[in-house]
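In what follows, a structure is listed as structure tokens, so that the remarks can point back to it.
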Amino acid sequence: MSASLHELNRRFGIPRVLRFSAGEGGLWRAEVTTEHCTAELYRHGAQLTRWWPTGHDEVLWLSQQARFLYDKAIRGGVPVCFPWFADNRPAHDPDGPAHGYARITTWQFTDAKQHDDRRVTLSLRTDIDPFELRYDVTFGPSLEMSLTVTNASSAPAHFESALHTYFVVSQIKQVHVTGLEHARYLDTVGGESRPMQQDGEPIRFDAETDRTYESDAATRLVDPGLQRIITIEKTNSQSTVVWNPWDRKAKAMGDFGDDEWPGMLCVESGNIEPNAIALEPGASHAMRVVIGVESIGAD
Ligand code: BG6
């Protein structure tokens, strides 16, 4: 049985720093305000919806049309994709939801603590058979997300995962992503998977983009319009997905404003076929992603 909001605040609340409240649609959320940053995380899907370091603008993109319903994923922030990515459903679950169950599951808050340097770590857990998931999010001048998956069954099991980070950008046609200049990728625009290789240049955007890169490299989202670089560092992640739906696909989504696509870009860290993770009984896998923001000059 889940605790009440009052009980959550009593157990894990930190005066003036962390409080639990009913957010959009009455769904429970944690609100974090420290000298380092401002953030919000929903219990539904363990989904981050806001984070910005003090002195910067919002980093996480959230659609104005996002729905906050128990059976829907929230459009924006950081959905947790698990135990499969996109439509890669396993044969035994042909009708399962896109991107798996984690983002439409009600997680439990299990711990919260403030560190000596004033960063705050919030921990959540859930079970998605045959796995136990633990998600630790540390709110500071950077945003650290750590997803630990344990095979709780007596048989080997495998999974895909992604921390599906949506970022605010000034204008999609004027930003670029570095770090994947020579990486191989699958181009999945149009529903097919075409093997490709990046041409030695940063990724730039002039059409619908939906690519799964095979790479464990750190990336940088360079945005001259917002005069900032979003840095994405990761550990135990062999896949990076880069996605913008562009106009036609944005219009086809009921929870995505028709004119919002130029202002967002997803750069997602995960482990996606052919880099799915196999776990022996009792074994664990921890993927860690750290998001930071650097200011750049106007020119
Ligand atoms: C991306 C996928 O990660 O998520 C895209 O690469 C997909 O193919 C997008 O369209 C959004 O998925 P959903 O299920 O949230 O609409």
Worksheet item: Excluding ligands and nucleic acids, what accessible area in Å² is computed for MET196 using a 1.4 Å probe, to the nearest 10?
Response: 80 Å²
Practice prompt. Using Cα positions and a limit of under 27 Å, work out the lysines in reach of LYS113, with same-chain residues fewer than 8 apart set aside.
Written response: LYS234
Worksheet item: Residues with amide H under 5 Å of TRP84's amide H, sequence separation 5 or more or different chain, H placed in the peptide plane at 1.01 Å from N; which?
Response: GLY100, TYR101, GLU160
Discussion item. Rounded to the nearest percent, how much of the accessible area of the chain (1.4 Å probe, protein heavy atoms only) is carbon and sulfur?
Written reply: 46 percent
Worksheet entry | Total formal charge among the other residues, if their Cβ is under 12 angstrom from that of HIS158, Lys/Arg +1 and Asp/Glu -1 | -3
Practice prompt. Go through GLU201, GLU31 and list them by solvent-accessible area, largest first, probe radius 1.4 Å.
Written response: GLU201, GLU31
Fill in: Accessible area (Å², per residue) of region 238-294, counting only protein heavy atoms and a probe of 1.4 Å
38 Å²
Discussion item. From the phi angles alone, apply the Karplus equation (6.51, -1.76, 1.60; θ = phi - 60°) to region 234-242 and give each ³J(HN,Hα) in whole Hz, x where the residue is Gly or Pro.
Written reply: 8, 10, 6, 9, 9, 10, 10, 9, 10
Discussion item. Counting heavy atoms of the protein chains only and a 1.4 Å probe, report the per residue accessible area for region 1-155 as a whole number of Å².
Written reply: 45 Å²
Worksheet item: Rounded, prolate or oblate: which fits region 140-287 when a ≥ b ≥ c are the square roots of the eigenvalues of the alpha-carbon gyration tensor, with rounded for a/c under 1.5 and prolate only if a/b beats b/c?
Response: prolate
Discussion item. Report the rotationally averaged projected area of the chain based on its alpha-carbon convex hull, in square nanometres.
Written reply: 15.8 nm²
Worksheet item: Taking LYS251 as the anchor, which lysines have their alpha carbon closer than 24 Å to its alpha carbon, excluding any fewer than eight residues away along the same chain?
Response: LYS72, LYS173
Worksheet item: Going by average Cβ neighbours within 10 Å, how do the peptides 140-149, 274-283, 153-162 rank, with the highest at the top?
Response: 140-149, 153-162, 274-283
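The values are calculated or read from the model by the stated rules, or taken from the named source; none is laboratory data. The shown structure was predicted, so the numbers you read here are calculated from the model rather than taken from an experiment. Please note: Cβ atoms are built from the backbone with ideal geometry, for glycine as well, and neighbour counts cover all protein chains shown. When the accessible area is computed, the model is the full protein with side chains, heavy atoms only, and any ligands, DNA or RNA have been set aside. Shrake-Rupley method; radii C 1.70, N 1.55, O 1.52, S 1.80 Å.
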